[in-house]
2 protein chains.
Amino acid sequence: MKITVLGAGGMGSRFALMLHRAGNEVTLVDGWQANIDAIRKDGLQADFNGEPVTVKLPIYSPIEIDRIGDQADLIIVFTKSNQLTTMFDAVRPIINPDTYVLCLLNGIGHEDVLEKYVAKDHLLLGITMWTAGMTGPGHATLVGNGNVELQNFAPAGKDFAQQVVQVFDEAGLNATYSDNVKYAIWRKACVNGTLNSLCALLACNIGELGKTHGIEGLLKAIIAEFAAVGAHEGLQLDQAEIYQHVAATFTSDIADHYPSMYQDLVINHRKTEIDFINGTVWRKGEQYGVPTPDCQLLTQLIQMKEVLVKAK
Amino acid sequence: MKITVLGAGGMGSRFALMLHRAGNEVTLVDGWQANIDAIRKDGLQADFNGEPVTVKLPIYSPIEIDRIGDQADLIIVFTKSNQLTTMFDAVRPIINPDTYVLCLLNGIGHEDVLEKYVAKDHLLLGITMWTAGMTGPGHATLVGNGNVELQNFAPAGKDFAQQVVQVFDEAGLNATYSDNVKYAIWRKACVNGTLNSLCALLACNIGELGKTHGIEGLLKAIIAEFAAVGAHEGLQLDQAEIYQHVAATFTSDIADHYPSMYQDLVINHRKTEIDFINGTVWRKGEQYGVPTPDCQLLTQLIQMKEVLVKAK
């Protein structure tokens, strides 16, 4: 399959590398010039479960988009959530009526942005439990295991979605076709909208968050806001199950982990994904007339902290 | 007047020193043993607007309360809000039916605690704009100017309240009798419940807070919650005036100031006064059936942060 990956960070590099090694024709698009330079010069270099792997892949900046020749069958989105619009404005020339777009980003509401660039029946959504990191320009660390669940956004996309599942699976990405990927996306967003937002705001890890005063009530209140808004989109989130899942992380082997939003805000002073997690619940809540005070204030406070740390 | 000051921190030291110098018979009660030892040995030493002043004052620990002989006419409360119950449990033996208690602490709802120890008609409430600091045990820094507004909590206390105003005024404390001190207390609590809580949580100073995204809407929402709850207590807070007053601090000469709650939480890892500011609005809101989601979540987040910094 001809595949273009938007965003050659850790996750984009993982998918590109694994899909390339399985015989697919992969092109990268990335906005970080040092990354482009490194990959052009020495290839994409990865620690792939302890094995050093180098693959030569074409890579372009969004401003060089007219240099990409053949159209891709599939575009996979791994840009930062808050760069989605900028990236798609730039890559619009490579999206034609036959191009499918798969979004595997954390958070909810990306389809509201993507629908402006691609028809609903060419849009695929999913989640992934794969992880990945970058140690420098052109250098990725790809260890551990993961999986992908995906589904077509509109019924007509089902055949292609199933093809993608097969291509991903052949590349070792452990893909499955989901009959209700939206539920999985919202459930994961609940986890991010509690653990990530609170750990970022309070500057703590997951285990420390679990030991704070009144955390149970607050988690349940936040999850209830996701559920109340989700109900207006036809989702019946199992709040008790999600709460148990979140609470279980406090004493799990990820208890000493600082979530990505903490890394973004506290360590790297970058803009977070808050707008696509609690921020989307707030925005959709206003649209449906559902009060979401906790998601609203958490979004406001994280946005304020972004200004204070001069996040980019 | 025979006066006992509970809490010989900066503010307690200021009032004790000024009232003593004006000829009143002042006794201190404090829980910090090093402070007691220093004041017993060398007296209370102050930088009083640049002039070094030392005054010998009797000082007792709450556990020595039976050693205080004569009963005071007036007890002034300058303990930390969250130590109010502990202090009053200890000093109960020195409160008799003729003893008046004046509370000048920041925050709202102290009367709910104090009513358990003193009759309503012997309770006085007020606010002060005086400031003070401690540089070490027995050493206070008392610079700048200030004032006091106070009033009896129940009508029968009016004569004594006016006597206190006169005694304070003779001591240079710029006291005035207020016909509606409750309004002044709530208005000041609005300022603390916006600036102090947000600066503590976001770890910034007042000027930085003023430059964050969406601050106007958030300030107005928090002030509206104070107003909605205050309305159930007969107060008609002028929300527009209070918002203007808070917003004006962002570009004032206190813009580079880190409020006391920031000092407590971020610098000194102490318990904050949040329970008597936003926390009281939350508690009273539940009592009156008034939603106070911002005050609630701010209180929860500050309480969580107190646990994370192991605040004492």
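The table for this structure:
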| item | result |
| --- | --- |
| Counted residues, the range A:287-312 - those being away from chain B (no Cβ under 13 Å) and among the charged types (D, E, K, R) | 1 |
| Evaluation of B:ILE223 against (1) among the β-branched types (Val, Ile, Thr); (2) away from chain A (no Cβ under 11 Å); (3) crowded, with 22+ Cβ neighbours inside 10 Å; (4) in contact (Cβ under 8 Å) with a residue 40 or more places away in the chain (one fails), failing number | (4) |
| Options A:ALA203, A:ALA189, A:ALA175, A:ALA161: the member that is at pLDDT 95 or above, surrounded by fewer than 20 Cβ atoms within 10 Å (Cβ to Cβ) and aliphatic (A, V, I, L, M) | A:ALA203 |
| Entirely in the range A:1-104, the strands (runs of 3 or more DSSP E) that have 2 or more residues that are closer than 19 Å to A:LEU150 by Cα | A:2-6, A:74-77, A:100-103 |
| Cβ pairs under 7 Å, 6+ apart, first in the range A:58-85 and closer than 13 Å to A:ALA8 by Cβ, second surrounded by fewer than 17 Cβ atoms within 10 Å (Cβ to Cβ) | A:ILE59/A:ARG40; A:TYR60/A:ARG67; A:TYR60/A:ILE68; A:SER61/A:GLN33 |
| Segments classed as helices (runs of 4 or more DSSP H), wholly inside the range B:227-312, with at least 2 members that are aliphatic (A, V, I, L, M), free of Cβ contacts under 8 Å to residues at least 24 places away in the same chain and surrounded by 19 or more Cβ atoms within 10 Å (Cβ to Cβ) | B:293-308 |
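The values are calculated or read from the model by the stated rules, or taken from the named source; none is laboratory data. Since the structure is predicted, the reported quantities are computational estimates derived from the model, not experimental observations. Quick reminder, even Gly has a Cβ in these numbers, built from the backbone with ideal geometry, and neighbours come from all protein chains shown.
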